[in-house]
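S.K.: Got a structure for you, questions after.
The values are calculated or read from the model by the stated rules, or taken from the named source; none is laboratory data. Here the structure is a predicted model, which means the values were calculated and not measured. Counting neighbours? That spans all protein chains shown, and the Cβs are built from the backbone with ideal geometry, glycine included.
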Amino acid sequence: MTVRSMLLAGLAMCLGASQAADYAWNLPRGFPVPAVPADNPMSDAKVALGARLFADPRLSSTGRWSCQSCHAPERAFTDGLARSRGAEGDELAANAPTILNTAYNPAYGWSDSGIRTLEQQMRGPLFKQHPAELGLGGREARVEALLDDDAGMRRAFAAAFPGAAPAVTMDNAIRAIAAFERTQFAGESDFDRHVFGGDHGALGAAQKRGMELFFSPRSGCSGCHGGINFAGEWVDREHPSGQATYVDAGTGSPVKVPTLRNVARTAPYLHDGRFETLPEVLDHYEKLAADPGADTRLRRPALTTREREDLQSFLEALTDRR
C-alpha cells in the first residue's frame, strides 16, 4: 500500500454523510470532498458570514472574546497556551486544537466521542459553564438582538439563509461558523507536494527516511496518527477505537489522538500542553517505549539518535507553508 492510499483509507467513515459536491470547494491536491450535514448545505454566503462570526467578540459574555481568540489563524488556528482561557479568564481543561482540516473529523473534542458534527461541537464553547469558554448560556436572545441591530449582519444572515424568518438566530450563527470551519484546510506542506504533487524533491533525504520510519512498525507512529489528517478517529462512545485514543496518565481516561499537521507550529503539545517542544514529545514516547506498564502499542525498541532526528524532520515537513 502506498503512503497516499494509506492516508485516504482512513476517510471512509468521515465521508458517510452527504457530500456537497455542488459547492466550489478550494481543496488541496489529493483531498476528497468533505461530508456535510444535510440540514446545513454549503454556500459562499454562509461561509462568508461564518468567517465574520468566527472573529466577532459579540459572541461572548464579555464582548471581548471570540472563537478566533483561542483559534488564531496566525498560529495555525491555535493559541499557544498549555490550557486555553475563556472569555471570563477561566482556565479551561485542555488546549485549543486546530480547526484546520476539521472537515474530515468523524467526531470532535478531546474526550467525547459522541460529538459527531461541527454544529454539535460549537454548542460546547458557546454555552457551557464551569468553566465558561464564550459564556453565552442564557444570553442567546441578547446576542441575537445585537446582531439583528447591525444592518450589515442582518443582510449577511439573510443572504446565508434565504427564506428563513427570522434569519438572525443563534442556530443559524452556529451553522454559519461550522460552514466556515469546513473550508479551512492545510494541505500545502512539503509532504503534500511530495505525495500528492509528485515533486519528489520536496522532501530531503532525512525527511524521506523519517517518513518511512513514521509509517513503519519500527516507530508505530501511524498506528495512532493515521489518515489524511494524521489523527485518530473516534468510533464508539463507550469503546473508542485503539487508533483513536491514548490514555491520559493523570486521569486514566481516553483522549483523542490529535492531528500532526502543522505540528511544528502548534506548541505546546498533548491535550494539556505539558510539553513545549517536539524533542520533549519524542523523549516522552521513548520513555513509554521502554516502560513495561505502558500501552502495548507504544512499546518498542529504542530509536537511534539519527532515527529521532529523521522523525522530527519529517514532522516538520507537515507544515503548510501558507
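S.K.: What do you reckon, is ASN229 farther than 17 Å from LEU260 by Cα and not aliphatic (A, V, I, L, M)?
M.R.: no
S.K.: Condition (residue is under 17 Å from ASP39 (Cβ atoms) and crowded, with 17+ Cβ neighbours inside 10 Å) applied to the stretch 135-145: is it met by at least one residue?
M.R.: no
S.K.: Being more than 17 Å from GLY124 (Cβ to Cβ), of a type in the set (A, V, I, L, M), in contact with a helix residue (DSSP H, G or I) (Cβ under 9 Å, 6 or more places away or on another chain) and outside any loop (DSSP other than H, G, I, E, B) is the filter here, so list the residues in the stretch 38-97 that pass it.
M.R.: Across the stretch 38-97, the qualifying residues are ALA45, VAL47, ALA48, LEU49, ALA51.
S.K.: Can you name every residue in the stretch 168-201 that is aliphatic (A, V, I, L, M) and either part of a helix (DSSP H, G or I) or at positive phi (or both)?
M.R.: MET170, ALA173, ILE174, ALA176, ILE177, ALA178, ALA179, VAL195
One line per residue, one yes/no per condition, for (1) surrounded by 22 or more Cβ atoms within 10 Å (Cβ to Cβ); (2) not in a helix (DSSP H, G or I):
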{"position": "LEU100", "(1), (2)": "yes, yes"}
{"position": "PRO106", "(1), (2)": "yes, yes"}
{"position": "GLY109", "(1), (2)": "no, yes"}
{"position": "SER113", "(1), (2)": "yes, yes"}
{"position": "ARG116", "(1), (2)": "no, yes"}
{"position": "ARG123", "(1), (2)": "no, no"}
{"position": "LEU126", "(1), (2)": "yes, no"}
{"position": "HIS130", "(1), (2)": "no, yes"}
{"position": "GLU133", "(1), (2)": "yes, yes"}
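S.K.: If the Cβ limit is 8 Å and pairs must be 6+ apart or interchain, which residue in the stretch 44-66 that is closer than 17 Å to ALA167 by Cβ pairs with which residue that is of a type in the set (Asp, Glu) and at pLDDT 95 or above?
M.R.: GLY50/GLU181
S.K.: If you check GLN207 against the conditions, is it polar (S, T, N, Q) and in a loop (DSSP other than H, G, I, E, B)?
M.R.: Against the criterion (polar (S, T, N, Q) and in a loop (DSSP other than H, G, I, E, B)), GLN207 does not qualify.
S.K.: Among the numbered conditions (1) in a loop (DSSP other than H, G, I, E, B); (2) surrounded by 14 or more Cβ atoms within 10 Å (Cβ to Cβ), tell me where ALA165 comes up short.
M.R.: Here ALA165 clears every test but (2).
S.K.: Spot the failing condition for LEU288; the list is (1) on the phi > 0 side of the Ramachandran plot; (2) outside any loop (DSSP other than H, G, I, E, B), and only one is missed.
M.R.: (1)
S.K.: Residue under question is PRO258, and the condition is that it be modelled with pLDDT of 90 or more and touching a Ser or Thr at 6+ places or on another chain (Cβ under 9 Å); does it hold?
M.R.: Spelling it out, it is not the case that PRO258 is modelled with pLDDT of 90 or more and touching a Ser or Thr at 6+ places or on another chain (Cβ under 9 Å).
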